[in-house]
1. Given the condition touching an Asp or Glu at 6+ places or on another chain (Cβ under 8 Å), within 23 Å of residue 488 (Cβ to Cβ) and outside any loop (DSSP other than H, G, I, E, B), answer yes or no: does some residue in the range 570-584 qualify?
2. Can residue 225 be described as over 26 Å from residue 68 (Cβ atoms) and among the small types (Gly, Ala, Ser)?
3. Which ones in the range 219-247 are acidic (Asp, Glu) and modelled with pLDDT of 95 or more?
4. Name the residue, out of 177, 160, that is at pLDDT 95 or above, outside any strand (DSSP E or B) and within 48 Å of the chain's Cα centre (by Cα).
5. On the given criteria, is residue 188 under 27 Å from residue 96 (Cβ atoms), surrounded by 13 or more Cβ atoms within 10 Å (Cβ to Cβ) and basic (Lys, Arg)?
6. Any chance the range 521-544 includes a residue that's polar (S, T, N, Q), open to solvent by 10 Å² or more (accessible area, probe 1.4 Å) and in a helix (DSSP H, G or I)?
7. Checking the structure you have, find out if any residue of the range 456-469 is closer than 24 Å to residue 582 by Cα, within 18 Å of the chain's Cα centre (by Cα), in contact (Cβ under 8 Å) with a residue 12 or more places away in the chain and open to solvent by 10 Å² or more (accessible area, probe 1.4 Å).
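The values are calculated or read from the model by the stated rules, or taken from the named source; none is laboratory data. Not measured: the values here are computed from a predicted model. Positions of Cβ are generated from backbone atoms using ideal geometry, with glycine treated the same way; all protein chains shown enter the neighbour counts. These area figures cover heavy atoms from the full protein model, side chains too; ligands, DNA and RNA do not enter into them. Shrake-Rupley method; radii C 1.70, N 1.55, O 1.52, S 1.80 Å.
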Amino acid sequence: MSRAPVAGRASAGPAPGSAGLKPDLQERPVAALPDGSRVRVVIEGLTPEIDAGRFPIKRVSGESVIVEVDAFADGHDRIACVLRHRHEAERDWHETRMQPLVNDRWRGAFTVQRPGRHLYTVQAWVDAFASWRHDLRRRPGDDPDLPPALAAGAQMVEAAAARAGGADARALADAAARIARGAIEARREAALDDALAQLMARYDARRFAADYARELAVVVDRERARCGAWYEFFPRSCSETGHGRLADCMPRLDYAAAMGFDVIYLPPIHPIGRSFRKGRNNTTTPEPGDVGSPWAIGAKEGGHKSVHPELGTLDDFRRFVEAAQARGLEVALDLAFQCAPDHPYVGEHPEWFRHRPDGSIQYAENPPKKYQDIYPFDFETDDWPALWRELKSIVDFWVAENVRIFRVDNPHTKPFPFWEWLIGEVKRVHPDVLFLSEAFTRPKVMHRLAKLGFTQSYTYFTWRNTKHELTAYFTELTTPPGSEYFRPNVWPNTPDILNEFLQFGGRPGFMIRFVLAATLAATYGIYGPAFELLEAEPREPGSEEYRNSEKYEIRRWNLQRPDSLRDFITHVNRIRREHPALHSNASLQFHAIDNEQLICYSKATDDGTDIVLVIVNLDPHHRQSGWLELPLERFCIESDRPYQMHDLLGGARYLWHGARNYVELDPQAPAHLFILRRHLRREQDFDYYM
């Protein structure tokens, strides 16, 4: 009777009776064993992770990164799992012990402070000491295998003592001796000491540790990336007569600061082309003296690194930035990578533009729209490296002039790799620089731009008006995975967009859209003074373009008009600043209310000390009422105790009971901004509200 060959042992010759077998049935050599064959832990299902680690998540300084992961091993051994993190400039990892949840799921967190790029990953291994300790707890005192088990544990502790140093080494050596000798119960008690378990975790050998397949990244920005109120205006309209200059804008800075804004955003401040200049209301036949569109950048006076002579000089711009900062404002500049036909780039680098068969340069089109005054860059040019470097030099130039925020015009019309390179290179040296993507385009394109580096993004808020639309859209914006990288900056109007709701909603319509923008999102902006002065006339029926648009002409604004929303905006911005619940999007939650014209939502701080409840009448023409359902448990409200709702807009205070309460809103006062004051009891046993 023949014996079967031993696995892994080379055969000295053919086995008896093997002659004549087919080649695929003859004995084959054993394949090489894979690397890591003794690694028993599996790590998978890590969150947050964007596109298998291709893109980073985003945080601001002081925020936490909460990581969850599946980690498990064969058999019943216990495992240890650590979250590793470091700033990319550091060499050594910081570690946080992860805690088990259920079903082999683990959770850990770390807080980021330093702006820039941080890395994180997970490591796990079979924890021999924890496994031994777990089994030791289950052994009865009369188990005959208890003495050898304790001896094995003492050996593990001795080995850890050899890896440790100083006082820890002495403590471990002492513990090993107490486990190895003495009465069984004393040895057992010494082995199960919690302080010993902590020391052993610190000096675990981590044999055959498993590392997660990737090191993931988190880009950390400053606070303004998460929260802020933007105000846009055209400097050329800041003078009472003639073309406004930057020096004329100081009263406008005072005006914006008094209303509680944080960021002043200026449309392009560069020389404006004269060739094919657009006239009022976008006509192609301008009149003498028409000022043209600021987005038609470049003339004989200079290009993207120059200031329009009628606005002033570079020194004037420096004084403007200093004046804004003195008022607590930041200046955001428009970054529009396109040229007027008489931009210096056109003559110096014609290869950077696309040419038609007749040799002329192709102007920008988005049929049926035509932009004869703008030449787009050709990013497929053979001279693309020089083009890329020159465009980055524009950003570098204005960063050197103390600009740290850029609103980027139409980034979706330029290649994704270009933006990833430019933003990455700029933030590598200046991590405090922020980029806002003005891409009103397809969702996947908007999200790709956010993933590859844009700090914030314009949204579809402008066209989301119904309760269902707002609820669905902001739930999408504030939940993973999108919320890990897409930071919304919502605008009820822009110089390009006068939506239908504002055209027909009257003053209540503007108030409704403002409250929604300022409370649904931590960052919002308005184009003023058109917004607070209720500018609502379209160029023609069905158009979202303004009639007498400030994009093509100088406007004279009466900022003291009695119907201005200035005071209302100031009030809401003050509420925003005073209530940290409104400084983030993470806690946004919608609540049921039995009227489709009423929307209700809340935001709260992590510790629950600040809770803001917002109710808005979405109908600008009619009074609306309904019954609201609040989740009392979420707000730590006792169902049998009253609680106070203080309306920060109107000043009224209401005493509510239970989850179901009645609300009614008139269009002239279309919103409640409640803070919730809960009924608590002090140690002295008297009632008060928090």
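1. Yes: the range 570-584 contains one or more residues that are touching an Asp or Glu at 6+ places or on another chain (Cβ under 8 Å), within 23 Å of residue 488 (Cβ to Cβ) and outside any loop (DSSP other than H, G, I, E, B).
2. no
3. Across the range 219-247, the qualifying residues are 221, 223, 232.
4. 160
5. no
6. The answer is no, given that none of the residues of the range 521-544 is polar (S, T, N, Q), open to solvent by 10 Å² or more (accessible area, probe 1.4 Å) and in a helix (DSSP H, G or I).
7. Yes: the range 456-469 contains one or more residues that are closer than 24 Å to residue 582 by Cα, within 18 Å of the chain's Cα centre (by Cα), in contact (Cβ under 8 Å) with a residue 12 or more places away in the chain and open to solvent by 10 Å² or more (accessible area, probe 1.4 Å).
Residue-wise test of (1) within 25 Å of the chain's Cα centre (by Cα); (2) within 30 Å of residue 154 (Cα to Cα).
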residue: 69; (1), (2): yes, no
residue: 94; (1), (2): yes, yes
residue: 100; (1), (2): no, yes
residue: 118; (1), (2): yes, no
residue: 126; (1), (2): no, yes
